[in-house]
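Read through the structure below, which is laid out as structure tokens, and then see the notes.
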Ligand SMILES: Cc1cc2nc3c(=O)[nH]c(=O)nc-3n(C[C@H](O)[C@H](O)[C@H](O)COP(=O)(O)OP(=O)(O)OC[C@H]3O[C@@H](n4cnc5c(N)ncnc54)[C@H](O)[C@@H]3O)c2cc1C
């Protein structure tokens, strides 16, 4: 690699929200930065469910990492899957490749947790990457196609039953979007089936939807979803996922499409570092987000179990990952420049938002709570604002307006053959 070995080497693993911010915060630092990601793109996960439900196309919410950082001359972007870290010799391992570091930032995010039932993964895909979204889209659209083809009423019923496991923001957003697809978009287009007879079932193990929101907003979300035709089961736990449905204790629910939105677990950074971790597998970091005993290694975003100055856990959301990334980038720049260390990391929580469907969202910003059309408008503006690049902002805003006016969903492509036998 053509690097000036005199300059400190900073390796960042992960080009998500946290990793990108860390790289940007090192723009003016006299360091060589290597950003490694196993994907060539940064994905705006908050809008993944819109790709999964055919409202947006993958390229509307994902950008090449190389392109985002093209003007930052001290950054080299590499596409590789990191497999380990040698903390003694200060090297990152990616298959046969080795990357020495003076400072390391691990920002590898989280993945779905099936609570020990990893075999459920293929039966009930979760939503984390673009591939997951296009797979869910494929399964959903294929279910309607197969139902139109089928002569069996029982088979049609199963094909038109969609189960979403997990009533957090992703589950709620998915359920609302599935309802719109079935009840608004598709119903005029089929002749042998009635898409409006679809069953969309949202199952939540806890007592209410959106547990991170205040109770009144959970209640509102439940009411709106029910009005949209979504069946909601709270306090019910899925005990088995089968190829043709789920079991909820003794109850059997036949469904051809099951989506998992129930849990996340951090990436394997804990194993790489042999560091202390919490129950979700997140590395427990110190007040400056470095790993205890490894002052040159920082862990941020969904991979880190961090607390703020008041001892409250920092949530696994995009703004938190961005704030951590920015902080760590600045902390490393200060160390390289020989300046005073930064004061401890403090997290500023701006608020929580979730879209429920057409004209409905819940927004909690400090004391301010918004619902309904105003909440939905606010949710849309915030998401457009945080997208990267003018083109994407324009395309997404226009697509939403078009979808809103026409009830259409333009990205209804089944790009990979028929359902696996
Ligand atoms: C469906 C969904 C909806 C969400 N909605 C919201 C929302 O509305 N609002 C909100 O604030 N937050 C939301 N979140 C959470 C938010 O997206 C995450 O908190 C945020 O992405 C965390 O950022 P990160 O940098 O830690 O990880 P990520 O953004 O996940 O980035 C991790 C990166 O690391 C790379 N990587 C992983 N393993 C390796 C490896 N071994 N080698 C190389 N590269 C690797 C990945 O390819 C990825 O690019 C949502 C998440 C999901 C999945």
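The values are calculated or read from the model by the stated rules, or taken from the named source; none is laboratory data. Everything numeric in this text was worked out from a predicted model, so none of it was measured. Here Cβ is always computed from backbone atoms with ideal geometry, including for glycine, and neighbour counts include all displayed protein chains.
Structure data summary
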| quantity | calculated |
| --- | --- |
| Residue 326 vs. criteria modelled with pLDDT under 95 and within 23 Å of the chain's Cα centre (by Cα) | no |
| Checklist (1) at pLDDT 95 or above; (2) within 16 Å of the ligand (Cβ to nearest atom) applied to residue 400, failing item | (1) |
| Flag for residue 311 being at pLDDT below 95 and over 28 Å from residue 183 (Cα atoms) | yes |
| Qualifying helices (runs of 4 or more DSSP H) (wholly inside the range 83-194; at least 2 residues being within 16 Å of the ligand (Cβ to nearest atom)) | 130-149, 169-180 |
| Subset of the range 348-374 that is assigned to a loop (DSSP other than H, G, I, E, B) and either out of contact with any helix residue (DSSP H, G or I) (no Cβ under 8 Å at 6 or more places or on another chain) or at pLDDT below 95 (or both) - its residue that is surrounded by the fewest Cβ atoms within 10 Å (Cβ to Cβ) | 367 |
| Every residue from the range 66-81 that is near the ligand (Cβ under 8 Å from one of its atoms) and under 20 Å from the mean Cα position of the chain (by Cα) | 81 |
| Subset of the range 206-236 [in contact with a strand residue (DSSP E or B) (Cβ under 8 Å, 6 or more places away or on another chain) and part of a loop (DSSP other than H, G, I, E, B)] | 206, 207, 208, 209, 210, 212, 213, 214, 229, 235, 236 |
| Matching option when the condition is under 30 Å from residue 180 (Cα atoms), touching a helix residue (DSSP H, G or I) at 6+ places or on another chain (Cβ under 6 Å) and surrounded by fewer than 22 Cβ atoms within 10 Å (Cβ to Cβ), among 8, 58 | 58 |
| All positions within the range 329-343 that are in contact (Cβ under 8 Å) with a residue 12 or more places away in the chain and either surrounded by 14 or more Cβ atoms within 10 Å (Cβ to Cβ) or in contact with a strand residue (DSSP E or B) (Cβ under 9 Å, 6 or more places away or on another chain) (or both) | 329, 330, 331, 332, 333, 335, 336, 342 |
| Residue within the range 304-321 that is under 22 Å from residue 91 (Cβ atoms) and surrounded by 15 or more Cβ atoms within 10 Å (Cβ to Cβ) present | yes |
| From 37, 32, 86, residue being closer than 20 Å to residue 282 by Cα and crowded, with 20+ Cβ neighbours inside 10 Å | 37 |
| Qualifying residue in the range 67-80 (condition: in contact (Cβ under 8 Å) with a residue 60 or more places away in the chain and surrounded by 24 or more Cβ atoms within 10 Å (Cβ to Cβ)) | no |
| Residue match in the range 181-198 (condition: touching a strand residue (DSSP E or B) at 6+ places or on another chain (Cβ under 8 Å) and surrounded by fewer than 21 Cβ atoms within 10 Å (Cβ to Cβ)) | no |
| Output for the range 195-205, where each listed residue is under 22 Å from the mean Cα position of the chain (by Cα) and either under 22 Å from residue 411 (Cα atoms) or part of a loop (DSSP other than H, G, I, E, B) (or both) | 200, 205 |
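Yes/no matrix, rows are residues, columns are (1) over 30 Å from residue 145 (Cα atoms); (2) in a helix (DSSP H, G or I); (3) within 13 Å of the ligand (Cβ to nearest atom):
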| site | (1), (2), (3) |
| --- | --- |
| 238 | no, no, no |
| 270 | yes, yes, yes |
| 275 | yes, no, no |
| 281 | yes, no, yes |
| 298 | yes, no, yes |
| 309 | yes, no, no |
| 319 | yes, yes, yes |
| 329 | yes, yes, yes |
